[in-house]
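Working notes for the structure below.
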Amino acid sequence: MAAPVPGSDLHHAAVHHRRRRCGTHLRRGVRGGARGLTARAAAAGRPRPAAPPFAHVPVPGLSRCAPGRQHHSPARRAAPSAQSRRHTMSVLFVTGTGTEIGKTVTTAAIAAAALARGRSVAVLKPAQTGVTAHEPGDVAEVERLAGPVTGVELARYPEPLAPATAALRAGLPPVGPQDIAEAAAKLAASHDLVLVEGAGGLLVRFDADGHTLADAARLAEAPVLVVAQAGLGTLNATALTTLALRSYGLDSPGVVIGSWPAEPDLASRCNLADLPDAAGAPLLGLVPEGSGGLAPQAFRAAAPGWLASALGGSGAFRIPS
């Protein structure tokens, strides 16, 4: 039996949360769904309206290649048919309980697992901070580790700060939630899986109005994967993050530990059982500590074994007892 494709599972999770979601939002946000992302129509059996390939649509901001351009891998696969996209296409946001906890490596692992199954993958970084114009950013790191993805940045700011602050200090326009949701929808028109990697934690501000990654995910009507730390303190941080997701009416397929130590301490071992209770969602992956330092071929071979089948894992994933 073929292993599940992550796009299919995540699509059904998104449809489920939209059916039960109320319209109440506990903080000021933005309303409506992303133009071009008609998941409700797909859930009802109606075909999605055709959308042009993302390469032909101008995107505000800076890609890692040049301002106003998108980076496309030379090995990019042809877009699947409209019929197949309706069953496999998915947008997944990736956030963390903080910064420097393994979001980029986790994103690369999910991308590698999808590529290994022959899926087409796009990686969207709405705001890259702390990197100058000619330095490689997170999208480049995902491509280096995972292989041929379509990588897009919407904006880049040189100082390692929250996007709203970094944009203000650089005198550059911020990225709004509508920009993020629309870019994800355009990428989803020609890719089986779109991974949107946030900056820092879920509620980091992207603009002066206080919009966050959660606002963008709400517009995109997409689930949000949480990347967490392994050790002491992670239960509270994870519970707060998933509580915030629920306050926005958002679903999370689960939690991935972004850096699982080779010799876990007592707190880390206990957290394997406690994290699903804290999150109200399953533990879907353990990315080994130092995985980002692996050679690309070794990373790609190992990554599917770090993830549960809901994220496209190989079926070899096991939570240590």
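The values are calculated or read from the model by the stated rules, or taken from the named source; none is laboratory data. On a predicted model such as this, the values are computed, not experimentally measured, just so you know. Heads up, the Cβs are rebuilt from the backbone with ideal geometry, glycines too, and the neighbour counts pull from every protein chain shown. We work out accessible area using only protein heavy atoms, side chains counted, and drop any ligands, DNA or RNA first. Shrake-Rupley method; radii C 1.70, N 1.55, O 1.52, S 1.80 Å.
Each residue of region 314-321 was assigned a 3J(HN,Hα) from its phi angle through the Karplus expression (A = 6.51, B = -1.76, C = 1.60, θ = phi - 60°), giving 7, x, 8, 5, 9, 7, x, 8 Hz with x at Gly and Pro. Amide H contacts of Y157: Q128, T129, G130, V131, each under 5 Å away and 5 or more positions distant or on a separate chain (H built 1.01 Å from N in the peptide plane; Pro and chain starts excluded). Amide H contacts for G96 (H built 1.01 Å from N in the peptide plane; partners 5 or more residues away or on another chain; cut-off under 5 Å): L202, V227.
For region 203-320, the solvent-accessible area of protein heavy atoms averages 38 Å² per residue (probe radius 1.4 Å; ligands and nucleic acids excluded).
Label sites at A170 and A298, each approximated as a point 7 angstrom past Cα along Cα to Cβ, lie 3.3 nm apart.
Remark: region 174-181, residue by residue, has Karplus-estimated 3J(HN,Hα) of x, 9, x, x, 5, 4, 5, 5 Hz, where x stands for each Gly or Pro and the curve is 6.51 cos²θ - 1.76 cosθ + 1.60 at θ = phi - 60°.
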